[in-house]
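Asker: Mind looking over this structure? Questions follow.
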Amino acid sequence: MFRLNLVRRACLFIAALFVAPILASQSALAQPFPNKPIKIIVTAAPGGTTDIASRALSDLLGKELGQTVIVENKAGGAGIIGIQALLSAPADGYTMAMGNIGPNAINYSLYKNLPYKMEDMEPVTIVIANPNVLVVNPEVPAKTVAELVALAKANPGKYSFASSGRGQSIHMSGELFKAQAGIDIIHVPYKGAGPALADLLAGQTSMMVDNLPSSMQYIKSGKLRALAVTSKNRVAELPDVPTMIQSGYPNFEVTAWFGLFVPAGTPKPIIDKLYLAVKKALETPEIKQRWKDLGGWAVGDTPANTKIFIAAEKKKWELVAQQAKIEVE
């Protein structure tokens, strides 16, 4: 009898070892989402609009969700490195990526072997949209787009334009300008708008068609000269800066956008909860004013509508890449 009791106890102990983790896992699953910190992977270097938008949103989003929201930069490879980091994470809503028009629309037409496809991600929403702005280092003796084009035509190959990386809207805007103006300017890619701006400010490059939010502070301080914005209408915060359309380029209109994505397979109720939290954060006076000061505006459309919008953007930039004759890598 004593031996039998020992055997029974041993069996119960072994069973407990197997059952305890299962019960703990079920308990964790039963807890409402979110029950631990959430991470936003920034697909660009610090200092650019992707980074600015992520950090501006993180605290308010954390308050809405009742959890800490951590921001982590994964720059490089035209946003590809950041997207790969997102897709290696579990599809549980605890890891999002702040993508943008580059890795989430333009890249599909520029890379033969892109290591991801649209179906690998689900959009939560677009958080900010803004025009780009053609800026030059103050040492460049051009006060208008026409003067810049004249300088470039008189000095082929002398001037260069910086970008946040191949395939970003900054790069594509520069290529559009190059093609439509018929000028020979050299593309210098960086691992994000932050390092690109640093070299532009130092005079290492001549110009940049940057996302307006990341250049705004330097325009207002006089460290960069804004020649034109890429929106259809002038920007209220820069009333004296004309549009590219007003500068003689009727087909030059670019709107950059930045949005949150999760891995495909993330449960819809979790995506919906994230969306509602982001939308509430975007509706706060603090974020509205922040976006306005940066020359942008909040979007906050539903995940379903955002998916339709991004598919249309993908097709649009395929045509732009063809028109600009950009080689596929």
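Asker: May I ask for the net charge around residue 246, where only other residues with Cβ less than 13 Å from the Cβ of residue 246 are counted and Lys, Arg are +1 while Asp, Glu are -1?
Answerer: Taking every other residue near residue 246 into account, the sum is 0.
Asker: Restricting to Cα pairs below 8 Å that are 6+ residues apart, what does the relative contact order work out to for segment 111-183? Please round to a whole percent.
Answerer: Working: 21 pairs, mean separation 16.2, N = 73.
Worked out over segment 111-183, it gives 22 percent.
Asker: Might you report the magnitude of the Cβ-based charge dipole of the chain about its Cα centre, with Lys and Arg at +1 and Asp and Glu at -1, to the nearest 20 debye?
Answerer: With Lys and Arg at +1 and Asp and Glu at -1, about 760 debye.
Asker: Counting heavy atoms of the protein chains only and a 1.4 Å probe, report the per residue accessible area for segment 70-177 as a whole number of Å².
Answerer: It amounts to 31 Å² per residue over segment 70-177.
Asker: Right, here's the next one. Run down the aspartates and glutamates and flag those whose C-alpha is under 14 Å from the C-alpha of residue 232, throwing out any fewer than 8 positions away in its chain.
Answerer: Straight-distance partners of residue 232: 253.
Asker: Using the Cα centre as the reference, give the magnitude of the dipole from point charges on the C-beta atoms of segment 62-127 (Lys, Arg: +1; Asp, Glu: -1; all else neutral), rounded to the nearest 20 debye.
Answerer: Charge dipole of segment 62-127: 220 debye, to the nearest 20.
Asker: From the residues 295, 264, 246, which one has its Cα farthest along the dipole of segment 217-306 in the positive direction, the dipole being from +1 and -1 charges on Cβ of Lys/Arg and Asp/Glu about the Cα centre?
Answerer: 295
Asker: Of the accessible area of the chain, with the probe set at 1.4 angstrom, what percent is carbon plus sulfur?
Answerer: Looking at the chain in its full context, I get 57 percent from C and S.
Asker: Please sort 84-94, 251-261 by packing, taking for each peptide the average over its residues of neighbouring beta carbons within 10 angstrom, highest first. It would help to have the intermediate numbers written out before the result.
Answerer: Values: 84-94: 17.1, 251-261: 22.5.
Peptide ranking by packing, descending: 251-261, 84-94.
Asker: For the charge dipole of the chain, defined by +1 on Lys and Arg C-beta atoms and -1 on Asp and Glu C-beta atoms about the Cα centroid, which residue among 124, 193, 76 has the Cα displaced farthest towards the positive pole?
Answerer: Most positive-ward Cα: 124.
Asker: Among residues other than residue 222 whose Cβ falls under 14 Å from its Cβ, what is the net charge (Lys/Arg +1, Asp/Glu -1)? Intermediate values should be presented prior to the final figure.
Answerer: Numbers: positive: 143, 220, 223, 225; negative: 139, 240.
Residues close to residue 222 contribute a combined charge of +2.
Asker: Right, something else. For segment 43-162, what does the equivalent ellipsoid look like in terms of its semi-axes, each the square root of 5 times an eigenvalue of the Cα gyration tensor, given largest first in whole Å?
Answerer: In descending order the semi-axes read 35, 19, 11 Å.
Asker: Going toward the positive end of the dipole of the chain, with +1 on Lys and Arg Cβ and -1 on Asp and Glu Cβ, which of 320, 180, 308 do you reach last?
Answerer: Comparing the listed Cα positions along the dipole, 308 ranks first.
Asker: Where only protein heavy atoms count, and the probe is 1.4 Å, what is the accessible area per residue for segment 238-277 in Å²? It would help to have the intermediate numbers written out before the result.
Answerer: Working: 1670 Å² over 40 residues.
Accessible surface, normalised per residue, equals 42 Å².
Asker: Next question. Counting Lys +1, Arg +1, Asp -1, Glu -1, what net charge surrounds residue 98 among other residues with beta carbon under 14 Å of its beta carbon?
Answerer: Net charge around residue 98: +1.
Asker: Here is a follow-up. Need the full-extension length gain, residue 198 to residue 72, defined as separation in residues times 0.36 nm minus the C-alpha distance. One decimal, nm.
Answerer: My answer for the length gained is 43.3 nm.
Asker: Ordered by residue, what ³J(HN,Hα) values in Hz, to whole numbers, does segment 253-268 give under the Karplus form 6.51 cos²θ - 1.76 cosθ + 1.60, where θ = phi - 60° and Gly and Pro are x?
Answerer: With the stated coefficients, segment 253-268 comes to 9, 9, 10, 8, 9, 9, x, 8, 10, 10, x, 4, x, 5, x, 4 Hz.
Asker: Give me the percent of DSSP beta bridges within the chain that run antiparallel, rounded to the nearest 5.
Answerer: Bridges in the chain are about 60 percent antiparallel.
Asker: By how many nm would the segment from residue 234 to residue 113 grow when fully extended, if each residue of separation counts as 0.36 nm and the alpha-carbon distance is taken off?
Answerer: Length gained, residue 234 through residue 113: 39.7 nm.
Asker: Along the Cα-to-Cβ line of residue 55, 7 Å from the Cα, sits a label point; which residues in segment 167-200 have backbone N less than 20 Å from it?
Answerer: The answer is 190-200.
Asker: Mind listing the phi-derived Karplus ³J(HN,Hα) values for segment 51-65, rounded to whole Hz, using 6.51, -1.76 and 1.60 with θ = phi - 60°, and x for any glycine or proline?
Answerer: 6, 4, 5, 4, 6, 5, 8, 4, 5, 5, 5, x, 5, 5, 8
Asker: What size of dipole, in debye to the nearest 20, comes out for segment 272-314 about its Cα centre when the only charges are +1 on Lys and Arg C-beta atoms and -1 on Asp and Glu C-beta atoms?
Answerer: So the magnitude is around 60 debye.
Asker: Kirkwood hydrodynamic radius of the chain from all distinct Cα pairs, in Å?
Answerer: Hydrodynamic radius (Kirkwood, Cα pairs) of the chain is 21.2 Å.
Asker: Of the listed pairs 191/288; 112/191; 117/143; 288/315; 112/288, which have alpha-carbon separations greater than 32 Å here?
Answerer: From 191/288; 112/191; 117/143; 288/315; 112/288, over 32 Å: 117/143; 112/288.
Asker: Please work out the ratio of the alpha-carbon Rg of segment 123-209 to 2.2 N^0.38 Å and round it to two decimals. Each step should come with its number before you reach the end.
Answerer: Numbers: Rg = 13.3 Å, N = 87, 2.2 N^0.38 = 12.0 Å.
With N residues counted in segment 123-209, Rg over 2.2 N^0.38 Å equals 1.10.
Asker: Something else now. Could you tell me how far the Cα centroid of segment 154-205 sits from the Cα centroid of segment 44-117, in Å?
Answerer: 23 Å
Asker: One quarter of the convex hull surface, Cα atoms only: what value does that give for segment 183-323 in nm²? Display every interim value, and only then the final one.
Answerer: Working: hull surface 42.9 nm².
Over every viewing direction, the Cα hull of segment 183-323 projects on average to 10.7 nm².
The values are calculated or read from the model by the stated rules, or taken from the named source; none is laboratory data. Predicted model only: the values in this text are computed from it and were never measured. Backbone-built Cβ (ideal geometry, glycine too); neighbour counts: all protein chains shown. These accessible areas exclude ligands, DNA and RNA; they are computed on the full protein's heavy atoms, side chains included. Shrake-Rupley method; radii C 1.70, N 1.55, O 1.52, S 1.80 Å.
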